[in-house]
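Nothing in this text is a laboratory measurement; each read-out follows from the coordinates by a stated rule. Keep in mind that this is a model prediction, so the values were computed, not measured. Reconstructed Cβ throughout: ideal geometry from the backbone, glycine too, with neighbour counts over all protein chains shown.
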Amino acid sequence: MAVPGDPPDGTPEDEYRSVVFDEDFVRAARLQEFSAQERMGEHARAVRSRSLWSGGRGPGDGTPSRRSRQGLLLVLLIATAFAAAVYMGMRTPYVTPADTRAEPLTSTVVPLTPSRTVPGGRPAELYAQSPAADYRIGAAGITMPAVHRTQHFTDAQVVTALTIAKDYLVQSSLEPDVLAGTATRPVRLLLDLDQVGQFDRSLNSPSGDGRHAVTGWLVRFDPATAVVADSRVRVSGTLDVDEVAPDVLEVTTDHTFVYAVRPAGAAPQSSPDSASLFTVRRELRLRFDRDDLVARRAELVSAYVVAGPQDCAAETADAFRPLPAGSTATTVGPPATDPYTSGQVRRTAGLCGVLAAPTDPPSAPSAQPDR
């Protein structure tokens, strides 16, 4: 029996029976039929496109539909982002990062031969009669300069660089075990990892070739020659910091270290007057990139060291060998170098200086007799 509203021939038994074309479905259709009035126009199409690209119109008023406006806005945003990416890529092309490996150390170590007999005495007396009388003791003599930020580094980063440089000077010039030649780890821990291999090679095979002198890295005495007689080393010098590249700070140090030493095996009680002074002037250049500042390590770029009193013939690549009190230099110049011999030429063979005689302290003015 037919129900009112059913087709005359009954409801077709096909797959579209359950499809309901409601108002939302019709509005979402990509094609919209023109009205009878619109179809009467010449060359008029039967339907209009409601696609995103044709700017579909809203129902009734002919304005763009909301969905069409959203689609156009999305396309515009994508195009703008793409154009901005292309523009920024042209303005800031990729730059290959610079090689940040640390340079190998280059060092020069010059022995200073005495011009007269090496004076001896008690450490306190020797210091009082030397130019080091007013020097500060130990790390107190390594004073920090006024700190100012640079173009690419903050105040805190500059302070960090100076602090690491001071730590390096303390560990390599004042640490008792390093001076005695029984430890090197305190210095090794402060070196950039790229320089550790060169440092180890210097310890294993010391050489005066400008790259592998232990005394370029640190101060130590030959334990068979001399030992430190007074741990209160006198120190004076300066620290200076400069930005040499947008990512690199360089600290320049220039310090004089004055040690009281005595011959190895001499007991202080039996030979209280056997001490003598040994002076080391160290000029170092240390560099720090941002990774070094974080890791608290230093790149030791160069070292220029003069030290005496020593004999010019003494080998100073592995350790210093002070002349004892009461002795004089046995050679007046560096050892001879034969350019015809095979093997590596000792590059520092011609380097030897003369240690200036200490300036006598000013004497007190004599009293004038009363007239």
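See the values below:
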| item | result |
| --- | --- |
| Net charge contributed by nearby residues that have their C-beta within less than 13 Å of His148 (K/R +1, D/E -1) | -3 |
| Span from the segment 191-255 Cα centroid across to the segment 296-312 one, whole angstrom | 5 |
| Gain on full stretching of the segment that runs from Thr117 to Asp291 - 0.36 nm per residue minus C-alpha separation | 57.7 nm |
| Sequence-distant residues sharing a close amide H with Ala229 (under 5 Å, placed H) | Ala260, Val261, Arg262 |
| Burial ordering of Asp134, Asp209, fewest other beta-carbon atoms within 10 Å first | Asp134, Asp209 |
| Segment Val354-Asp200, length gained on full extension (0.36 nm per residue, minus Cα span) | 52.3 nm |
| Taking Ile142, Ile137, Ile78 and counting other C-beta atoms within 10 Å, the order from fewest to most | Ile78, Ile137, Ile142 |
